[in-house]
Amino acid sequence: MPKDKLELPDIKSMFAAASKAIAAREKELCAIDGVCGDGDHGTAIKGAMCAANVSAKSAQSIKDAFMSAGMAAMSDSNGSTSTLFGSLFMGISDGVPEGASDLDSNRLYTAFSAGLAAVRENTEADVGDKTLMDALIPAVKAMESCKSAAESLAKAAEAANIGARNTVELQARFGRARNLGERSKGVPDAGAMSVATIFSAFAGVVS
């Protein structure tokens, strides 16, 4: 049954599902990243999400689950991937009320908005720049005014996947890929694909 609210076991299951989904796409994400970048994104995000999942398992609260996951991802030391995804989860934690035992759709939107704000502190990229922000920004916006936690994550996953697919036709403006100019078109952004994968896994758990 779709969830109206998320509780701590749901959050832990979400991280477990996301870690598994990312691991399954490691080679694909590396191949995508190899066209315009260093070709290591799949390995980097797999490491970050695995660390996040392991750390979240022992959390005693929702707020702690996201904070622990973010700190673990950040500490995994996979360059910008660890920084950006770590700051996302830590930012979400900052947006969770102290002592909250569940997250309804309103709290979920507030928390993920705080996560997006934290990522913005680490990158100037926006929609259209062919980065993870092409999936993350639409995903968070899609969570506004939803009626349940399940709907929030389903809408977010849908928006993230559309945003990730749209990066195929974009020219990169950040990172190593920007040096390729027009040649960076024709392949999706690996970071955006990872965001879409994570949100799809999150949504799958609570649907």
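The values are calculated or read from the model by the stated rules, or taken from the named source; none is laboratory data. Just so we're clear, the structure is a prediction, and the values are computed from it rather than from any experiment. Virtual Cβ from ideal backbone geometry, glycine too; neighbours counted across all protein chains shown.
Results, tabulated for the structure shown:
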{"item": "Among residues of the range 92-113, those that are surrounded by fewer than 22 Cβ atoms within 10 Å (Cβ to Cβ) and within 15 Å of the chain's Cα centre (by Cα), counted", "result": "1"}
{"item": "Near pairs, Cβ below 7 angstrom, 6+ apart or cross-chain, from the range 102-115 (of a type in the set (Phe, Trp, Tyr)) to any residue that is at pLDDT 95 or above", "result": "TYR109/MET143; TYR109/GLU144; TYR109/SER152; PHE112/ILE92; PHE112/VAL140; PHE112/MET143"}
{"item": "Near pairs, Cβ below 7 angstrom, 6+ apart or cross-chain, from the range 2-13 (closer than 10 Å to SER101 by Cα) to any residue that is among the β-branched types (Val, Ile, Thr)", "result": "LEU6/VAL206; LEU8/ILE62"}
{"item": "Only one of SER194, SER145, SER152 that is on the phi > 0 side of the Ramachandran plot and not acidic (Asp, Glu)", "result": "SER145"}
{"item": "From ILE198, ILE162, residue being buried (at least 17 other Cβ atoms within 10 Å of the Cβ), β-branched (Val, Ile, Thr), touching a residue at least 12 places away in the same chain (Cβ under 8 Å) and under 24 Å from ASP40 (Cα atoms)", "result": "ILE198"}
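Residue-wise test of (1) within 19 Å of ASP10 (Cα to Cα); (2) in contact with a helix residue (DSSP H, G or I) (Cβ under 6 Å, 6 or more places away or on another chain).
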| position | (1), (2) |
| --- | --- |
| ILE137 | no, no |
| ALA142 | no, yes |
| ALA172 | no, yes |
| VAL187 | no, yes |
| ILE198 | yes, yes |
| ALA201 | yes, yes |
| VAL205 | yes, yes |
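Rundown of residues vs (1) small (Gly, Ala, Ser); (2) under 25 Å from ARG173 (Cα atoms), yes/no style:
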{"site": "PHE15", "(1), (2)": "no, no"}
{"site": "ALA24", "(1), (2)": "yes, no"}
{"site": "LYS27", "(1), (2)": "no, yes"}
{"site": "VAL35", "(1), (2)": "no, yes"}
{"site": "GLY39", "(1), (2)": "yes, yes"}
{"site": "LYS63", "(1), (2)": "no, no"}
{"site": "LEU88", "(1), (2)": "no, yes"}
{"site": "ASP94", "(1), (2)": "no, no"}
{"site": "SER105", "(1), (2)": "yes, no"}
